[in-house]
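Visitor: Below is a structure I'd like to ask you about.
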Amino acid sequence: MIHEGYRHDFQEVSMSPVSPYRHATVIGASIGGLCAARVLSEVVERVTLIDRDRLPAEPVARAGVPQGRHLHYVLARGINALDELFPGLSDELIVAGAPTIDLQSDIHWHFDGHLLRPEPSGVIGLGVSRPLLELAIRSRVEALPGVSITDRCEVTGLMTSPDGLRVTGAYAQNRFDEAAESAIDADLVVDAAGRGTRTPVWLGELGYASAPEERLHSQVIFVSRPYRREPHHLAGHIGEAFSPYPGHQRGGIAVAQEGDRLMVTLASRGGEELQTDTAGMADFADSFSGANVAQVIRTATPLSRPALMRYPSSVRRRYEQLSRFPDGYLVIGDALCSSNPQYAQGMTVAALEAQLLSRLIREGTHDLHPRFFAGTAALLDTPWDLTVSGDLRFPYVEGERTRAMVAAAEYLERYRRAAAKDGVLGTELIRVINMLAEPSRLFEPDLAKRVNGGPAISTVPVSRPGSSDAT
Ligand SMILES: Cc1cc2nc3c(=O)[nH]c(=O)nc-3n(C[C@H](O)[C@H](O)[C@H](O)COP(=O)(O)OP(=O)(O)OC[C@H]3O[C@@H](n4cnc5c(N)ncnc54)[C@H](O)[C@@H]3O)c2cc1C
């Protein structure tokens, strides 16, 4: 484990005997599904993961996870959680070539156009590609007793008890043989199918009401490309990042990864189209306050074709607010909440949700879905509020801006400006972004005094302070 963070629920659980569940089915074998399968394997006799993709034996991107071709930054809290779920995982990734990164001194962050003072923070990240991370986790899950993974198989619907009150399994279709539809019995089905989740449709077909949804039209477009890393790139730094801010909606990040690679991801906000050719990408990066990323794009050797992905909106589904929901069914990961990737929360949140599931099942399987959705709602509040308040800094994003949010955003602008000179402010900001400290930490008197150069501000927002995004 690389870090300590707040709320170590996973290690504090009491070890109780196995649950009454004999078979669990998990829809989707990506990060959310794999973490769920890992914790279920301890309390359920058999766990079957089903994925519609052919799951590669090599660390390469795949169709069902198109975001895998873009930079995936695991928050320090997420590394912590993944190491708890899969002991030794980060060490294994380091051995595979992923550089360890002090997230304040090794990556040069430009927030609101100011370079965050690069001082050692002790907050350590990993330069690991998304395909390698997923492969390393999948290899461990595959090796767990009682776990099997069926790929090239698409879940097409839910089986239920005659009264529709309990999910009793799932229908699945072999993707290369339309005649081969199977019915898979399960005591528990977990939807980890990502943003394309079919749960809203399936529940509707079963006569359940739709979960209330919160949407934020972030309108972000990403273009990414890996390059061969050479010592002179980024002036020798491991990474460089430019976060967008009101008045400058372009962002970008370049970070070293395993295999002597530099992954470059550019991001526009508000609908600006991005070019995928070298000249267009470099012109875009020319608008950053430093020239290093543009220089990489112009001069480094590309290792694959550029990938473009649109991310129209963040979505949070509030299943905890439904009065009726079938027993034996849960939703996890991006299928539950997908937030603007610029805040890099998705994998961390998925791992934390799996840890929550572990704790709840060990406490008992009674009322599992209301307890799980109440727990995930509480878990998601802070990261979701960071997404909302961060996005609402941009005038084009629609949403209610309360006076408290506006005041907090103004304070944080001053904070980021001050953090260009004050390494302590920088470290605390990095800790909050990486979910190692609560956002309210940034408003505490000792830090407010450093920001204001005077007495501390009187109001401490609990969870609406806005954040800085990575790209
Ligand atoms: C451009 C981009 C960049 C991102 N960057 C970051 C980052 O830096 N840091 C971070 O933490 N997160 C990032 N994310 C979010 C991250 O990718 C997800 O949060 C993470 O993958 C967890 O998602 P998941 O496992 O819930 O779903 P997904 O990763 O979307 O996986 C869903 C899986 O379900 C399978 N599937 C779907 N439907 C079916 C079906 N009917 N039957 C069987 N299988 C099915 C798919 O094949 C896939 O394997 C980014 C997202 C995007 C779009």
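The values are calculated or read from the model by the stated rules, or taken from the named source; none is laboratory data. These numbers were taken from a predicted model, which means no experiment stands behind them. So basically every Cβ, Gly included, is an ideal-geometry build from the backbone, and we count neighbours across all protein chains shown. We work out accessible area using only protein heavy atoms, side chains counted, and drop any ligands, DNA or RNA first. Shrake-Rupley method; radii C 1.70, N 1.55, O 1.52, S 1.80 Å.
Visitor: For Pro87, work out the one condition from (1) more than 17 Å from Arg130 (Cβ to Cβ); (2) not in a loop (DSSP other than H, G, I, E, B) it doesn't fulfil.
Guide: Every listed condition holds for Pro87 apart from (2).
Visitor: Please go through segment 193-227 and give me each residue that is of a type in the set (Ser, Thr, Tyr) and open to solvent by 20 Å² or more (accessible area, probe 1.4 Å), ordered by number.
Guide: Selection gives Ser210 alone.
Visitor: Mind telling me which of the residues Leu386, Leu360, Leu352, Leu356 ends up being among the aliphatic types (A, V, I, L, M), within 30 Å of Arg403 (Cβ to Cβ) and in contact with a helix residue (DSSP H, G or I) (Cβ under 9 Å, 6 or more places away or on another chain)?
Guide: Leu386
Visitor: Inside segment 117-141, can you point out the residues that are closer than 24 Å to Asp260 by Cα and in a helix (DSSP H, G or I)?
Guide: Arg130, Pro131, Leu132, Leu133, Glu134, Leu135, Ala136, Ile137, Arg138, Ser139
Visitor: If I ask for residues that are under 20 Å from Gly423 (Cβ atoms) and either open to solvent by 40 Å² or more (accessible area, probe 1.4 Å) or out of contact with any strand residue (DSSP E or B) (no Cβ under 9 Å at 6 or more places or on another chain) (or both), which ones from segment 89-123 would you list?
Guide: Correct list: Thr100, Gln104, Ser105, Asp106, His114, Leu115, Arg117, Pro118, Glu119, Pro120, Gly122.
Visitor: Give the number of residues within segment 330-376 that are part of a helix (DSSP H, G or I), open to solvent by 10 Å² or more (accessible area, probe 1.4 Å) and of a type in the set (Gly, Ala, Ser).
Guide: Number of matching residues: 3.
Visitor: Next question. Mind telling me which of the residues Leu144, Leu71 ends up being of a type in the set (A, V, I, L, M, F, W, C), more than 14 Å from the ligand (Cβ to nearest atom), in a loop (DSSP other than H, G, I, E, B) and open to solvent by 10 Å² or more (accessible area, probe 1.4 Å)?
Guide: On inspection, the qualifying residue turns out to be Leu144.
Visitor: What pairs can you find where one residue is in segment 395-413 and within 19 Å of His217 (Cα to Cα), the other is of a type in the set (A, V, I, L, M, F, W, C), and their Cβ atoms are less than 7 Å apart, with a gap of 6+ or different chains?
Guide: Val397/Leu216; Gly399/Leu216; Gly399/Val388; Gly399/Leu392; Arg401/Leu392; Met405/Leu392
Every residue, every condition in (1) away from the ligand (no atom under 15 Å from the Cβ); (2) part of a strand (DSSP E or B), yes or no:
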{"residue": "Ser148", "(1), (2)": "no, yes"}
{"residue": "Val155", "(1), (2)": "no, yes"}
{"residue": "Met159", "(1), (2)": "no, yes"}
{"residue": "Pro162", "(1), (2)": "yes, no"}
{"residue": "Thr168", "(1), (2)": "yes, yes"}
{"residue": "Gln173", "(1), (2)": "no, yes"}
{"residue": "Ile184", "(1), (2)": "no, yes"}
{"residue": "Val189", "(1), (2)": "no, yes"}
{"residue": "Val201", "(1), (2)": "no, no"}
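Visitor: Select, from Pro59, Pro17, the only residue that is part of a loop (DSSP other than H, G, I, E, B) and modelled with pLDDT under 95.
Guide: Going through Pro59, Pro17 in turn, the sole match is Pro17.
Visitor: Restricting the search to segment 223-278, which residues are out of contact with any Phe, Trp or Tyr (no Cβ under 7 Å at 6 or more places or on another chain), part of a strand (DSSP E or B), among the charged types (D, E, K, R) and farther than 23 Å from Ala61 by Cα?
Guide: Glu240
Visitor: Restricting attention to segment 150-189, which residues are among the aliphatic types (A, V, I, L, M) and either over 24 Å from Ile361 (Cβ atoms) or surrounded by 18 or more Cβ atoms within 10 Å (Cβ to Cβ) (or both)?
Guide: Answer for segment 150-189, where residues must be among the aliphatic types (A, V, I, L, M) and either over 24 Å from Ile361 (Cβ atoms) or surrounded by 18 or more Cβ atoms within 10 Å (Cβ to Cβ) (or both): Val155, Leu158, Val167, Ala170, Ala172, Ala179, Ala180, Ala183, Ile184, Ala186, Leu188, Val189.
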